[in-house]
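Step one of this worksheet: look at the structure below.
The values are calculated or read from the model by the stated rules, or taken from the named source; none is laboratory data. A quick note: this is a predicted structure, and the numbers were derived from the prediction, not measured. We place every Cβ from the backbone using ideal geometry, glycine too, and count neighbours over all the protein chains shown. Ligands, DNA and RNA are excluded from the accessible area calculation, which covers all protein heavy atoms including side chains. Shrake-Rupley method; radii C 1.70, N 1.55, O 1.52, S 1.80 Å.
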Amino acid sequence: MSLLEITRGESPLVLGLPHTGTDLPEEVAERLNDTGRALADTDWHIHNLYSGLDGDVTSVRTTVHRYAIDVNRDPSGESLYPGQNTTGLCPLTDFDGQSIYRAGMEPDAEEVERRRAAFHAPYHAALEAELERVRARHGFAILYDCHSIRSQIPFLFDGRLPDFNIGTYLGATCDPDIEFSVLEICEAAEGYTSILNGRFKGGWTTRHYGRPGDGLHAIQMELAQSTYMEEAPPWPYDSARAERLRTHLKTILETLIRWRPA
């Protein structure tokens, strides 16, 4: 099983793709119950949605499903959203709060550490290497972390999620001009809704790599899946909706590629 898919561009922009993989190691799959094996919490089709929008971006994708280990969680296991419902480093439930493991088959601390070393660490080693390569070339790098989620999940948030959910950890992870530029594009997109640092303020990846003072800028985009697909099994891609959305995503990527520090 190939763990990583890496494409290299020469622009300052790097795309992170942490949750589009659907591969499960056999030793993980055999522990999961039917709910877990359904893989409902995949960021379905996100790598295809962004594919071809600009040929000069770098991308790093893990093919391993987040139920094996979530590479967008703190490797220490610390919660990103204390006091709120969320899922952990090795999730025990799905986004609806339902157990994904067969009774008594949940991973213990030793198993979690094994998965961290096998799947979490290689993804971040690759992502860090590409960010450093890009920063060495340009003097700075921008990480755009690509995500999607169902627009309605009562276990995680109330009501309906906006279409564009931009996360910069309250402005800490990137230059203010990057944050403003992306928000401006989203707010101008007719027929779409958007929010900055709402329910999703940026996961561990955004918070970990976003160090503007060091020339490393990070921004997360969490898309409501209703913008480009059907939010029910078998989770089909809707080409018409997707192409409309891709117009705005292309504008975002092109804007970030052109951005330069003041």
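Observations on the structure shown:
- Selection status of Glu187, in a strand (DSSP E or B), more than 20 Å from Pro261 (Cβ to Cβ) and of a type in the set (Asp, Glu): no
- Filtered residues of the stretch 34-50 (kept if under 18 Å from Phe164 (Cα atoms) and open to solvent by 20 Å² or more (accessible area, probe 1.4 Å)): Trp44, His45, His47, Asn48
- The residue of the stretch 119-153 that is surrounded by the fewest Cβ atoms within 10 Å (Cβ to Cβ), among those that are in contact with a Gly (Cβ under 9 Å, 6 or more places away or on another chain) and assigned to a loop (DSSP other than H, G, I, E, B), is Gly139.
- Beta carbons closer than 8 Å, at least 6 apart along the sequence or on distinct chains, pair a first residue in the stretch 150-175 that is over 18 Å from His19 (Cα atoms) and of a type in the set (Phe, Trp, Tyr) with a second that is open to solvent by 30 Å² or more (accessible area, probe 1.4 Å) and not in a loop (DSSP other than H, G, I, E, B) for Tyr169/Arg207.
- Exclusive hit being under 22 Å from Glu254 (Cβ atoms) and without any contact (Cβ under 8 Å) to a residue 60 or more places away in the chain, set Phe180, Phe200: Phe180
- Neighbours by Cβ (under 6 Å, 6+ apart or cross-chain): first from the stretch 214-228, farther than 10 Å from Ala141 by Cα; second among the polar types (S, T, N, Q) and surrounded by fewer than 22 Cβ atoms within 10 Å (Cβ to Cβ): Ala224/Ser151; Ser226/Ser151
- Among the residues making up the stretch 83-108, those that are open to solvent by 50 Å² or more (accessible area, probe 1.4 Å) and modelled with pLDDT of 95 or more are Leu92, Asp96, Gln98, Ser99, Arg102, Ala103, Gly104, Met105, Glu106, Asp108.
- Counting only helices (runs of 4 or more DSSP H) that sit completely within the stretch 1-79, those holding 3 or more residues that are under 20 Å from Ala118 (Cα atoms) and out of contact with any Leu (no Cβ under 9 Å at 6 or more places or on another chain) correspond to 26-29.
- Of all residues in the stretch 80-113, those being part of a helix (DSSP H, G or I) and touching a residue at least 24 places away in the same chain (Cβ under 8 Å) number 1.
- For the residues Val14, Val28, the requirement of being modelled with pLDDT of 95 or more, more than 19 Å from Ala242 (Cα to Cα), in contact with a strand residue (DSSP E or B) (Cβ under 6 Å, 6 or more places away or on another chain) and crowded, with 19+ Cβ neighbours inside 10 Å singles out Val14.
- The single condition among (1) loosely packed, with under 14 Cβ neighbours inside 10 Å; (2) within 13 Å of the chain's Cα centre (by Cα); (3) not polar (S, T, N, Q) that Asp70 does not meet is (1).
- Check on Thr205, without any contact (Cβ under 8 Å) to a residue 24 or more places away in the chain and either part of a helix (DSSP H, G or I) or open to solvent by less than 50 Å² (accessible area, probe 1.4 Å) (or both): no
- In the stretch 124-139, the residues that are within 18 Å of Pro212 (Cβ to Cβ) form Cβ pairs under 8 Å with partners that are of a type in the set (Phe, Trp, Tyr), at six or more places apart or across chains, as follows: Leu127/Tyr209; Glu128/Tyr209; Leu131/Tyr209.
- Sole residue being over 18 Å from Thr58 (Cβ atoms) and more than 17 Å from the chain's Cα centre (by Cα), chosen from Phe180, Phe164: Phe180
- In this entry, Leu161 passes the filter for residues that are over 22 Å from His124 (Cα atoms) and either at pLDDT 95 or above or in contact with a helix residue (DSSP H, G or I) (Cβ under 9 Å, 6 or more places away or on another chain) (or both).
- Residue check for Glu254: open to solvent by 50 Å² or more (accessible area, probe 1.4 Å) and touching a Pro at 6+ places or on another chain (Cβ under 6 Å): no
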